[in-house]
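Following: one structure in C-alpha cells, then a few remarks.
The values are calculated or read from the model by the stated rules, or taken from the named source; none is laboratory data. All values derive from a computational prediction rather than experimental measurement. Ideal geometry is used to build each Cβ from the backbone, glycine not excepted, and the neighbour counts take in all protein chains shown. Surface areas here come from the heavy atoms of the whole protein model, side chains and all, with no ligands, DNA or RNA. Shrake-Rupley method; radii C 1.70, N 1.55, O 1.52, S 1.80 Å.
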Amino acid sequence: MKRVFSGVQPTGNIHIGNYLGALKQFVELQEDGDCIYCIVDMHSITLPQDPKELKTSILDVAALYMAIGLDPNKCTIFIQSDVSGHAELAWILMCNSYTGELSRMTQFKQKSKDEASAPAGLFTYPVLMAADILLYDTDIVPVGNDQKQHIELTRDIAQRINNTYGETFVVPDGRFLKEGARIMALDDPTVKMSKSSKNIHSRISLLDSPNKIKKSIMRSTTDSEGSIRFDASEKPGISNLLTIYSAFSGRRIEDLETEYSSAGYGAFKKDLVDVVCEELLPIQERFHEIRPSQELLNALKDGAERAENIAEKTMKRVKMRFGLGL
Ligand code: AQP
C-alpha cells in the first residue's frame, strides 16, 4: 500500500483552489492508500497570526477535511505541531540544504516581496515541508501544481542525504491533477486563487453562502469577446471558469464548449453558480455538524498518536545515520 502525505495551512478560509487542486485528491486516495493528512499549523506562523484565530482555524480545517469525505477510520488526520518530529527533522534537513536553492523558490519571492524584513521561517519553510513529507516515508504527495518546485526540492534533499549517509529516506513523487491543478483568482486570472488575497471576490471559500458564491462568480473577470472557449493565454478568465466548471461537474471542457457555444457569459456563469453550490452546500451542512463534535477531537487525538508512532521510527533511523545522540 502506497503511503500518501499532504497538508493544508490553517490560514484563512479554504477555497475551491485548495479543494480542486489538493483536497479532492485526498478523498480519492484514502480508498487504496495509507493516507496521512495534516493541518500544517507550523507553516502558518511563517507570517504573524492571531493565536485565537489560528486555534479556530485549525479546527475549521480539520472539520472541513471530514466534511469533504475524509474518514478517520480510513486515513490519519492530525495537527502538525502535535508531532515534534517535524521541527526536529526540519533542522537536520536545513543543515543539508543550500541558501542558493531556497532563494530560488518562487513562493518565497512572492510572499516576502511585501515584507520589509522577511522572517527566516518564510525562507526555510520549504525545508519544513520536506520534513513533513520525509518523516512519514511518503510515496505520493497530492498537491496543487504551485507546489511542484517544493516537491522537487524535497526529492533533491532526500537524494542528497541518501547519497551521503546511506538509504535514509523514501524519495516521494508529487501527484498533480490535470483539471484543477491550478485555479486562478476570479478577479485576476493571471495569478493563482489564494487565501491571502485582500479581495474576497477573488476566491470562493468552501464555507461561502450561495449569495456570496453568486456575487463572486457573476463579477469574475472575463473578456470582451463573448465566446466560451478554452484559451488560457488569450482568454484566461473564461478558461479558468471552464476549468472550475469541469472540475466540479466531472464534464470535459470540450463538451462544455460545445454546450455553451451559442450562450453568453451571463448564462454560463449562472449555471456555474448552480454547479458550485450543488457540491458545496452539502459539505457546509456536514461541516456544521462535525465542527462542534467530540468525534472531531477524538479523530485528531488518535491521528496524532498514529503519526507520532511513525515519526518516532523515522527519527531513530535518521539520528542513527547522522551519528546523533547516544
Ligand atoms: N489556486 C490553487 N489552485 C490549485 N491548488 C491550489 N492550492 C493552493 N492554491 C491553489 C493547493 O492547496 C493545497 C493547500 O495549500 P496551502 O494552504 O498549504 O497553502 P498555499 O498554497 O499557500 O494556499 P493559498 O490558498 O495560496 O494560501 P496563501 O494565500 O496563504 O498562500 C496545496 O496542495 C496547494 O498546492
Using the Karplus equation 6.51 cos²θ - 1.76 cosθ + 1.60 (θ = phi - 60°), what ³J(HN,Hα) coupling, rounded to whole Hz, does each residue of region 41-54 give in order, writing x for Gly and Pro? 5, 5, 5, 5, 7, 5, 10, x, 10, 6, x, 5, 5, 5
Using θ = phi - 60° and the Karplus curve 6.51 cos²θ - 1.76 cosθ + 1.60, what whole-Hz ³J(HN,Hα) does each residue of region 27-34 get, with Gly and Pro shown as x? 5, 4, 6, 5, 5, 9, x, 8
Most packed first (mean Cβ within 10 Å per residue), the peptides 39-46, 214-221, 259-266, 101-108 order as 39-46, 214-221, 101-108, 259-266
Rounded to 0.05, the calculated FRET efficiency for the beta carbons of D71 and N309 at R₀ = 30 Å is 0.90
Please work out whether the chain counts as rounded, prolate or oblate from its C-alpha gyration tensor, where a ≥ b ≥ c are the square roots of the eigenvalues and a/c under 1.5 means rounded, while otherwise a/b larger than b/c means prolate and anything else oblate? prolate
Long-range amide H contacts for I36: which residues qualify at under 5 Å (H placed 1.01 Å from N, peptide plane, sequence gap of 5 or more or a different chain)? V4, F5, S6, T76
Assuming a ≥ b ≥ c are the square roots of the Cα gyration tensor eigenvalues, decide whether region 146-298 counts as rounded (a/c under 1.5), prolate (otherwise, with a/b larger than b/c) or oblate. oblate
Report the net charge of residues surrounding K195, where surrounding means a beta-carbon distance below 13 angstrom and charges are Lys +1, Arg +1, Asp -1, Glu -1. 0
Give me the accessible area per residue for the chain, probe 1.4 Å, as a whole number in Å². 47
Of G166, V141, L280, which is farthest on the positive side of the dipole of the chain, counting Cα position, with +1 on Lys and Arg Cβ, -1 on Asp and Glu Cβ, and the Cα centre as origin? G166
Suppose every Lys and Arg Cβ carries +1 and every Asp and Glu Cβ carries -1, with no other charges. What dipole size does the chain come out with about its Cα centre, to the nearest 20 debye? 640
Hey, got the dipole for region 200-287? About the Cα centre, +1 on K and R Cβ, -1 on D and E Cβ, debye to the nearest 20? 400
For region 1-141, what is the charge dipole size about the Cα centre, in debye to the nearest 20, if Lys and Arg each add +1 at the Cβ and Asp and Glu each add -1 at the Cβ? 360
What residue among A120, A247, A87 has the largest mean-square fluctuation in a Gaussian network model of the chain, using Cα springs under 10 Å? A120
Projected onto the charge dipole of the chain (unit charges on the beta-carbon of Lys, Arg, Asp and Glu, signs +1, +1, -1, -1), the Cα from Y37, G85, T258 with the largest positive-side position is that of G85
Need one number: nm distance between label points at K148 and K109, each 7 Å from Cα along Cα→Cβ, rounded to one decimal. 1.5
With a 1.4 Å probe and every protein chain kept in, tell me what percent of the accessible surface of region 42-96 is carbon plus sulfur. 57
Please identify the cysteines of the chain that lack any partner cysteine with a Cβ under 4.7 Å from their own Cβ. C38, C95, C277
Neighbour net charge for G166 - beta-carbon separation under 11 angstrom, K R +1, D E -1: +1
With a 1.4 Å probe and every protein chain kept in, tell me what percent of the accessible surface of region 200-287 is carbon plus sulfur. 49
Highest to lowest packing among 1-8, 162-169, scored as the average C-beta count within 10 Å: 1-8, 162-169
Would you grab the residues whose amide H sits under 5 Å from the one on R175? Only those 5+ places off in sequence or on another chain, please, with H modelled 1.01 Å from N. V141, V143
Output the 0 to 90 degree angle, nearest 10, between the alpha-carbon long axis of helix 294-322 and the longest principal axis computed from the alpha carbons of the chain. 50
Have a look at L296, I58, C95 and report the one farthest towards the positive end of the charge dipole of the chain, computed about the Cα centre with Cβ charges (Lys/Arg +1, Asp/Glu -1). C95
Applying the gyration tensor rule to the Cα atoms of region 89-205 (axes a ≥ b ≥ c; rounded if a/c under 1.5, else prolate if a/b exceeds b/c, else oblate), the class is oblate
Could you pull the Cα extents of region 43-90 along its three principal axes, largest to smallest, in whole Å? 31, 27, 12
State which entries of K109/K215; K52/K178; K52/K301; K52/K270 exceed 26 angstrom in Cα-Cα distance in the structure shown. K109/K215; K52/K178; K52/K270
